[in-house]
Structures are given as structure tokens and as C-alpha cells.
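Read through the structure below, which is laid out as C-alpha cells, and then see the notes.
The values are calculated or read from the model by the stated rules, or taken from the named source; none is laboratory data. Given the structure is predicted, the values throughout are model-derived calculations rather than measurements. Note that we place each Cβ from the backbone using ideal geometry, even for glycine, and neighbour counts take in every protein chain shown.
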Amino acid sequence: MHDIEHEAYDTIVVGARAAGATTAMLLARGGQRVLTLDRARLGSDTLSTHALQRGAVTLLEAWGLLDRVRAAGTPVVRRTSFHYGGDPVHVPIRASRGVDGLYAPRRTVLDPILVAAAREAGARARHGVKVRDLSRDDRGRVRGVVVEGVGGEVRTLRADRVVGADGARSTVARLTGARTTRRSDAACAYVYGYFPGADLDAIEFHYAPRTTAGVFPTNDGAACVFVGVPPTRLAAARAAGTRALFDAALATCAPSLAARLAREAPVGALRSFPGAPGFLRAPSGPGFALVGDAAHFKDPATAHGITAALRDATLLARALLTGTDRALADYARERDALSLGLFEVTARIASLEWSLDELRELHRAFSAESRRELATIEALAETRRQSIESSAGAADGALRGQAIAQRGPSVEGAPSPRDGDERGAAAFVVGGGPHGALPHGRTGWNNPYEDISR
């Protein structure tokens with residue numbers, strides 16, 4: 001760790017998965033000196049639905065990273081289906097403005113892509129490093145981290161601010177005493193595995209009383225197939241093995257899917273998740289901020305985790321590049337405004353205490369909240385569009401010999417984020433600085449998996 005010990009950082013990001021690596025990338029593209037740390041090995045797997053909803057795909061395209069997801073062999077998904085008992089609703093996925101469909105990359109694919117992009121932007125990244133404590137100044141403000149490396153050496157690394165992107169059991173949240181502002185005890189337990197997916201090329205959701213199941217086509221010619229049951233059912237079934245529970249739940253909830261998989265063995269062992277309470281934490285305090293599951297965790301029932309992580313990393317990076325307390329307060333308010341409705345609907349779905357007709361209404365509510373979320377991303381995109389047009393006009397004037405004011409360290413004429421300008425910060429984080437612009441105008445996408453309320 002000697003190569004990073006004596007550096008002075010604007011921001012240290014603890015956690016280098018979807019939320020952390022994205023935050024590090026956007027801050028580095030905005031000109032900050034950034035270090036991101038993770039205790040796990042680069043490219044290691046983690047619990048995930050893999051699903052990228054509309055906003056996530058749009059952001060990856062804006063940052064110039066969607067082609068890398070495609071190049072890794074992640075299949076494009078162009079249709080999805082919702083099965084309410086024996087009543088299916090099939091919905092095609094519409095392509096729009098350079099984004100050709102939905103994706104569900106393995107985390108062994110997505111996380112390294114984001115870390116590589118952060119490094120290319122100038123961030124430093126170290127894996128196999130555990131954060132043991134935070135360092136503080138005389139006023140108690142967080143000013144860095146105390147870390148332990150692979151060999152056991154302990155070092156203090158200093159920064160103007162520390163971002164906790166280290167998961168639902170966040171060390172940064174625990175050490176700062178971050179307050180829980182909303183909690184839900186509703187939880188679903190899951191058993192999932194990876195099956196050869198030659199005929200599993202669509203996103204599928206299946207529902208029956210007290211049971212759910214689904215399919216996400218992913219990398220390596222496989223699909224992630226899951227079942228969801230009450231946590232007590234998973235606990236009772238452990239002695240007999242999770243495969244028996246998986247098969248029984250799938251046969252009840254999705255008999256056609258069960259028939260397709262009857263002769264297929266999973267690639268590797270089945271995995272299980274016992275469920276966990278959902279929460280929102282206050283996402284910032286003196287010298288620190290939280291993002292991703294460290295700030296906001298909800299049940300995987302709506303497959304919204306990665307999308308929320310990329311969305312909130314964008315909002316947090318904008319606030320940190322703006323560099324004011326007001327901007328961080330706005331991050332907290334906007335995070336809550338975009339999250340609370342989705343959080344409550346997800347908790348209702350995860351409870352499994354619904355009739356199929358009630359579930360349809362919950363999905364309509366989720367779609368409405370998702371439209372609000374996507375509108376925020378589109379508003380940031382419009383800021384980027386205006387920045388590009390302003391830059392193009394200035395460049396045209398320069399060619400005609402007009403005097404152009406010196407703009408400092410900005411990109412393509414956007415105001416420098418170090419100047420506390422929120423528009424400039426938005427242009428950096430959504431447009432990706434010099435690394436790519438968001439397509440102009442509206443995408444035409446209303447909600448994560450197309451509009452199931454029609």
C-alpha cells in the first residue's frame with residue numbers, strides 16, 4: 001500500500017462494486033483525485049439479480065460503457081413477460097436512441113467494467129484492503145480511513161471526504177452512526193442458480209400465492225433462474241436441501257418453466273438468500289456520504305438494486321463535484337424523493353401478502369414511480385445537451401475570430417464542477433465528461449420493463 005499511502009485524495013470511496021466504482025469513475029472524470037478500496041477480489045461474485053432497468057442501461061450508454069457490457073457476451077433482452085397465475089402478459093422491449101434493449105450482466109462482468117472505467121478516468125483502485133476505522137479531525141469530521149492490507153499492514157489514508165459504498169452491512173455507516181430513516185421488515189427469501197439458457201432469452205416473472213419465480217438471461221449462455229418464498233419456508237427446507245424447495249416452488253409458480261428445466265442441471269450449486277429488512281439511511285454527514293446498498297437497501301423482488309446504485313452514484317457525484325453542503329442536502333432529498341415510493345411498493349411485493357389482482361396494481365404503482373425516476377435521468381441528460389450546444393456555439397464563434405473567455409478546467413465548455421456549479425457537475429456525471437454524451441431527447445421508455453399497466 002506504499003504507493004497510495006502518501007497521496008492526498010479529494011475522495012476515498014470504500015467499496016468498488018456497482019455504486020462505489022461508478023462514484024469513483026464520475027468523480028475522477030470530473031477532475032477529483034479519487035481512491036476506491038474494496039476488501040474483495042476484483043471480479044469476485046456477489047448476490048445480485050443482474051437486471052439493468054431502463055435508467056441503468058441509459059446511464060451505461062451515456063458513459064460509453066454499454067458496448068463493453070455487450071462485448072462481454074451479455075445477451076440483449078428484447079422481450080419480457082409477467083405471468084399472474086395462468087394469465088401471461090407479454091411485452092416487447094422497444095429499442096430507442098442507441099439503446100437496443102435490456103441487459104442482465106453477471107457481477108463478475110459488470111463490476112470489473114466499472115472499475116476499469118474508473119481507473120481510465122484517473123481513479124486509483126485497490127482490492128483486498130479492509131477498512132478498520134475512520135480518521136477524524138479535532139471537530140470530529142471524517143478525514144480519511146484506517147485500512148489493513150493483505151499482509152496485515154495498517155495505514156491511515158487521508159481525504160477531504162469518505163464515501164461508503166460498502167453494502168448493506170456498511171462499515172462506514174456503522175462507524176459514523178448513520179441514522180436509519182426508514183425501515184421495512186417485509187422480506188422474501190430466494191433460491192437461485194444458473195441454467196443453460198438456450199431457450200431462456202426473455203426476462204420472465206411468475207407469480208402464485210406466496211411464491212414468485214423469474215428468469216434473467218445473463219452471460220456464458222446461461223440464465224439466472226430464481227424462486228422466492230417466505231423466509232420461514234426456506235429455513236424449514238434447509239435440512240432437505242434447497243434443490244427440493246427450488247423444484248417445488250418452481251412447479252407451483254411456473255410449471256412451464258419447471259418443465260423446461262426438468263432435465264437441466266444448474267451450472268454450479270444453487271445459492272440462497274434468507275431475506276433481509278429494507279432500509280434507508282441518512283446518506284451524508286460531516287466528511288462522509290453513503291451510496292448504494294450502504295445508503296438504501298430494498299428486497300430484490302423488483303430487481304431494482306443496480307439501477308438504484310447507478311442512479312444514486314450519479315446524484316452523489318454531482319453533489320460532491322458541486323462541493324457545497326447544500327448540494328449534499330439536495331442529494332439526500334432527491335434520493336428520498338426517488339426512492340421512497342419504490343421502497344414502499346417493493347416492500348409490499350416482497351411480503352408475498354397479495355392477491356394476483358392486488359399484485360397487478362402494485363406493479364402499476366411501481367411503473368409510475370419508475371417513470372418519475374427516469375424523468376430525473378432525462379433532466380440530467382437535457383443539461384448535458386444544453387452544455388454540448390453551448391460548447392458548439394462557442395467553438396463556432398472562435399473559428400470566426402470572436403473572443404472566447406477562458407473557461408478553466410472544464411470539459412467541452414461546461415462550467416467547472418469545482419466552481420460549485422450544479423449544471424457543470426451534472427454535465428460531467430451524466431455526459432461522462434470527455435467520455436461520451438447521453439443521446440438527445442426522450443428515450444420513449446416509461447418504466448423498467450416496459451409498461452405492464454396497459
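Taken over region 330-365, the residue count meeting the criterion of being in contact (Cβ under 8 Å) with a residue 40 or more places away in the chain, hydrophobic (A, V, I, L, M, F, W, C) and out of contact with any Leu (no Cβ under 7 Å at 6 or more places or on another chain) is 8. Scanning region 298-336 for residues that are in a loop (DSSP other than H, G, I, E, B) and buried (at least 24 other Cβ atoms within 10 Å of the Cβ) returns Lys298, Asp299, His304.
Note on region 135-158: residues that are in contact (Cβ under 8 Å) with a residue 60 or more places away in the chain, under 23 Å from Ala317 (Cα atoms) and outside any loop (DSSP other than H, G, I, E, B) total 7. Test Leu310 against the stated conditions and say whether it is assigned by TED's automatic domain parsing to the domain that holds Ser370, touching a helix residue (DSSP H, G or I) at 6+ places or on another chain (Cβ under 9 Å) and among the hydrophobic types (A, V, I, L, M, F, W, C). Yes; evaluated as a whole, the condition is true for this residue.
Residue check: Arg260 meets all listed conditions (1) outside the structural domain of Ala28 (by TED's automatic domain parsing); (2) in contact with a helix residue (DSSP H, G or I) (Cβ under 9 Å, 6 or more places away or on another chain) but one, namely (2). Arg161 meets the conditions (1) under 26 Å from Pro277 (Cβ atoms); (2) outside any helix (DSSP H, G or I) in every case but one. The failed one is (1). Looking across region 58-107 at every residue that is hydroxyl-bearing (Ser, Thr, Tyr) and in contact (Cβ under 8 Å) with a residue 60 or more places away in the chain, the one that is nearest to Leu42 (Cα to Cα) is identified as Thr74.
Only residues that are closer than 26 Å to Asp336 by Cα and among the charged types (D, E, K, R) were counted in region 144-183, giving 8.
Tell me which residues, restricted to region 48-65, are over 13 Å from the mean Cα position of the chain (by Cα) and surrounded by fewer than 24 Cβ atoms within 10 Å (Cβ to Cβ). Explain how you work it out, then say what you get.
As a first pass, look at region 48-65 and keep what is over 13 Å from the mean Cα position of the chain (by Cα): 61-65.
Within region 48-65, Glu61, Gly64, Leu65 qualify.
Step by step: first the residues of region 1-32, then only those that are charged (D, E, K, R) and touching a residue at least 40 places away in the same chain (Cβ under 8 Å), then the one that is nearest to Tyr194 (Cα to Cα). Which residue is that? Walk me through how you get there before you give the answer.
So in region 1-32, the residues charged (D, E, K, R) come out as 3, 5, 7, 10, 17, 29.
Retained after the next criterion (residues that are touching a residue at least 40 places away in the same chain (Cβ under 8 Å)): 5, 7, 10, 17, 29.
Numbers: Glu5: 41, Glu7: 42, Asp10: 41, Arg17: 21, Arg29: 36 Å.
Filtering region 1-32 for residues that are charged (D, E, K, R) and touching a residue at least 40 places away in the same chain (Cβ under 8 Å), the one nearest to Tyr194 (Cα to Cα) comes out as Arg17.
For region 55-78, the count of residues that are part of a helix (DSSP H, G or I), among the hydroxyl-bearing types (Ser, Thr, Tyr), out of contact with any Leu (no Cβ under 6 Å at 6 or more places or on another chain) and within 29 Å of Phe297 (Cβ to Cβ) is nonzero.
Within the bounds of region 255-269, is there any residue that is modelled with pLDDT of 95 or more and of a type in the set (S, T, N, Q)? No; the residues of region 255-269 include none that is modelled with pLDDT of 95 or more and of a type in the set (S, T, N, Q).
Looking at region 178-260, what strands (runs of 3 or more DSSP E) fall wholly within it and have at least 3 residues that are closer than 23 Å to Pro75 by Cα? Talk me through it step by step, then tell me what you get.
Values: elements: 180-184, 189-196, 203-208, 211-217, 222-229.
Answer list for region 178-260: 189-196, 203-208, 211-217, 222-229.
For Pro266, the conditions (1) over 30 Å from Arg70 (Cα atoms); (2) outside any strand (DSSP E or B) all hold with the exception of (1). Restrict the check to region 356-363 and report whether at least one residue is crowded, with 23+ Cβ neighbours inside 10 Å, in a helix (DSSP H, G or I), assigned by TED's automatic domain parsing to the domain that holds Asp138 and touching a helix residue (DSSP H, G or I) at 6+ places or on another chain (Cβ under 7 Å). No, there is no match, as no residue in region 356-363 is crowded, with 23+ Cβ neighbours inside 10 Å, in a helix (DSSP H, G or I), assigned by TED's automatic domain parsing to the domain that holds Asp138 and touching a helix residue (DSSP H, G or I) at 6+ places or on another chain (Cβ under 7 Å).
Under the condition of being of a type in the set (Lys, Arg) and under 17 Å from Thr22 (Cα atoms), the residues counted in region 59-113 number 3. Determine if region 12-21 includes at least one residue that is touching a strand residue (DSSP E or B) at 6+ places or on another chain (Cβ under 6 Å), assigned to a helix (DSSP H, G or I) and buried (at least 23 other Cβ atoms within 10 Å of the Cβ). Checked region 12-21: at least one residue is touching a strand residue (DSSP E or B) at 6+ places or on another chain (Cβ under 6 Å), assigned to a helix (DSSP H, G or I) and buried (at least 23 other Cβ atoms within 10 Å of the Cβ).
Scanning region 85-134 for residues that are in contact with a helix residue (DSSP H, G or I) (Cβ under 7 Å, 6 or more places away or on another chain), modelled with pLDDT of 90 or more and assigned to a strand (DSSP E or B) yields Leu102, Tyr103, Arg124, Ala125, Arg126, Val131, Asp133, Leu134.
Matching residues to (1) surrounded by fewer than 23 Cβ atoms within 10 Å (Cβ to Cβ); (2) within 23 Å of the chain's Cα centre (by Cα); (3) of a type in the set (Lys, Arg):
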site	(1), (2), (3)
Gly140	yes, no, no
Val154	yes, no, no
Ser170	no, yes, no
Thr180	yes, yes, no
Pro196	yes, no, no
Ala208	yes, no, no
Thr242	yes, no, no
